[in-house]
1. Looking only at region 302-342, which residues are surrounded by fewer than 20 Cβ atoms within 10 Å (Cβ to Cβ) and aliphatic (A, V, I, L, M)?
2. For region 1-76, please list each of the strands (runs of 3 or more DSSP E) lying entirely inside it that holds at least 3 residues being modelled with pLDDT of 90 or more and surrounded by 15 or more Cβ atoms within 10 Å (Cβ to Cβ).
3. Report the residue count in region 169-201 for those that are of a type in the set (A, V, I, L, M, F, W, C) and touching an Asp or Glu at 6+ places or on another chain (Cβ under 8 Å).
4. Just give me the residues in region 137-160 being of a type in the set (Ser, Thr, Tyr) and either out of contact with any Lys or Arg (no Cβ under 8 Å at 6 or more places or on another chain) or part of a helix (DSSP H, G or I) (or both), in sequence order.
5. Taking region 98-136 as the region of interest, how many residues are of a type in the set (Val, Ile, Thr), touching a Pro at 6+ places or on another chain (Cβ under 8 Å) and either closer than 15 Å to Pro152 by Cβ or in a loop (DSSP other than H, G, I, E, B) (or both)?
6. Taking the conditions exactly as written (among the hydroxyl-bearing types (Ser, Thr, Tyr), buried (at least 22 other Cβ atoms within 10 Å of the Cβ) and over 21 Å from Lys369 (Cβ atoms)), does Ser96 satisfy them or not?
7. Return the residues of region 356-376 that are assigned to a helix (DSSP H, G or I), surrounded by fewer than 22 Cβ atoms within 10 Å (Cβ to Cβ) and of a type outside the set (Lys, Arg); say none if nothing qualifies.
8. What do you reckon, is Leu342 in contact with an Asp or Glu (Cβ under 9 Å, 6 or more places away or on another chain) and not β-branched (Val, Ile, Thr)?
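The values are calculated or read from the model by the stated rules, or taken from the named source; none is laboratory data. What you are looking at is a predicted structure, and each value in this text was computed from that prediction instead of being measured. Backbone-built Cβ (ideal geometry, glycine too); neighbour counts: all protein chains shown.
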Amino acid sequence: MERESVATVLSASSVSANLNSPKLLVAASGTGGHVFPAVATAEQLSHYQIEWLGVPDRLETQLVPSHYPLHTISVTGFQSRLGLNTLKVLGQFLRSIFTVRRLLQRGGFQGVFTTGGYIAAPAVIAARSLGLPIILHESNALPGKVTRWLSPWCSVVAIGFAEAAQYLGKAKTTWVGTPVRSQFRALAEADSIDRSEHLPDLPIPDGAPLIVVVGGSQGAVAVNQLVRQAAPAWFESGVWVVHLTGENDPAAKTLIHPQYVALPFYHNMAGLLQRATLAVSRAGAGTLTELAMSGTPAILIPYPFAAEDHQTFNAKVFEAAGAALLEQQAHLTAAQLQQQVLNLLQSPDRLQQMSQAAKQLAIVDSAEKLAHLVQQWIEHQSH
């Protein structure tokens with residue numbers, strides 16, 4: 001293969017038994033916000049031959065190869081400042097378009113599904129040049145730049161928040177929600193959430209109020225600091241805290257208390273959010289979808305350095321629905337956070353209202369809706 005050709009990782013379990021089934025390239029890379037919805041959708045397309053397009057050293061290289069053939073390309077996002085590096089990134093980008101185009105041609109793919117981000121750009125442009133159907137899923141209330149620029153070239157843009165449609169001009173959009181891990185499905189379908197559910201691997205007493213702190217897949221050092229300062233007053237009120245610190249917080253182990261559990265991550269997020277009385281959380285689209293599916297009331301502190309402050313746009317949807325309180329990190333003190341949590345814990349009726357409002361924002365069968373959309377467009381094209 002040529003030097004710029006695709007690096008491919010194959011797994012024996014990834015080879016489809018039905019070689020006559022449609023062939024789909026999934027372009028999803030980076031954080032869980034891009035990769036998890038794509039995985040959930042791909043699982044609903046089990047009769048398709050699916051191959052994956054990713055970037056070296058990102059999350060998909062850990063999750064995908066045991067399930068699907070993984071192709072990687074070297075591509076990065078453009079920076080706001082022009083300079084010599086801009087020419088390098090532009091050259092890399094143009095090469096990636098031709099690389100993906102060759103992959104689509106040689107592989108006999110019948111369509112592309114992408115969850116946005118910078119890997120979507122070469123995938124969309126290459127597929128468009130070949131006349132292939134393109135289904136793009138945008139999870140955020142404020143669509144990313146790549147989605148806004150290239151949505152007119154897509155067959156359809158599936159959106160996680162209905163509010164996103166207003167930013168996409170004349171592009172064909174359909175609201176499907178955002179797919180999440182299958183473990184949340186049962187929670188979303190339940191008539192009511194049992195907040196007393198026991199978690200066998202955590203020492204939380206039955207009936208004790210529980211605050212769960214979620215920083216997203218990257219953690220949230222600034223939120224972690226606020227929580228550690230506010231927590232002593234919560235402990236005095238009998239509250240337990242499970243704090244998912246992420247792996248990048250050097251002070252993660254500095255707070256020690258019998259009612260405090262600090263973990264870099266937790267495998268059973270559905271069970272944890274089901275047990276939670278209240279969440280303190282960032283406002284990434286994937287996390288918010290999980291809060292909606294589990295009906296968990298929340299105080300949302302958007303990551304202030306997210307691209308175009310898109311987490312604030314996400315959080316405002318939950319705030320407007322009455323599902324969460326929105327606090328900007330720059331103006332929030334530990335004392336304010338401490339008191340807000342205590343006020344909510346003393347208002348069980350309000351927490352119940354917030355829980356119901358959150359559940360109203362959940363689209364339970366999002367993965368199925370998105371998979372059906374993929375099928376519609378690929379099968380329409382083939383006829």
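1. Result: Ala306, Ala307, Ala320, Ala321, Leu326, Ala330, Leu332, Ala334, Ala335, Leu342.
2. Here the list reads 23-27, 49-54, 70-72.
3. Narrowing region 169-201 to residues of a type in the set (A, V, I, L, M, F, W, C): 171, 175-176, 180, 184, 186-188, 190, 193, 199.
After this cut, where a residue has to be touching an Asp or Glu at 6+ places or on another chain (Cβ under 8 Å) as well, the list is 180, 184.
Of the residues in region 169-201, 2 are of a type in the set (A, V, I, L, M, F, W, C) and touching an Asp or Glu at 6+ places or on another chain (Cβ under 8 Å).
4. Step one: list which residues in region 137-160 are of a type in the set (Ser, Thr, Tyr), which gives 139, 147, 151, 155.
Hits for region 137-160 are Ser139, Thr147, Ser151.
5. Qualifying residue count for the region: 1.
6. For Ser96, the condition - among the hydroxyl-bearing types (Ser, Thr, Tyr), buried (at least 22 other Cβ atoms within 10 Å of the Cβ) and over 21 Å from Lys369 (Cβ atoms) - is met.
7. Matches in region 356-376: Gln356, Ala357, Gln360, Glu368, His372, Leu373, Gln375, Gln376.
8. Numbers: in contact with an Asp or Glu (Cβ under 9 Å, 6 or more places away or on another chain): no; not β-branched (Val, Ile, Thr): yes.
Judged against the criteria, Leu342 is not a match.
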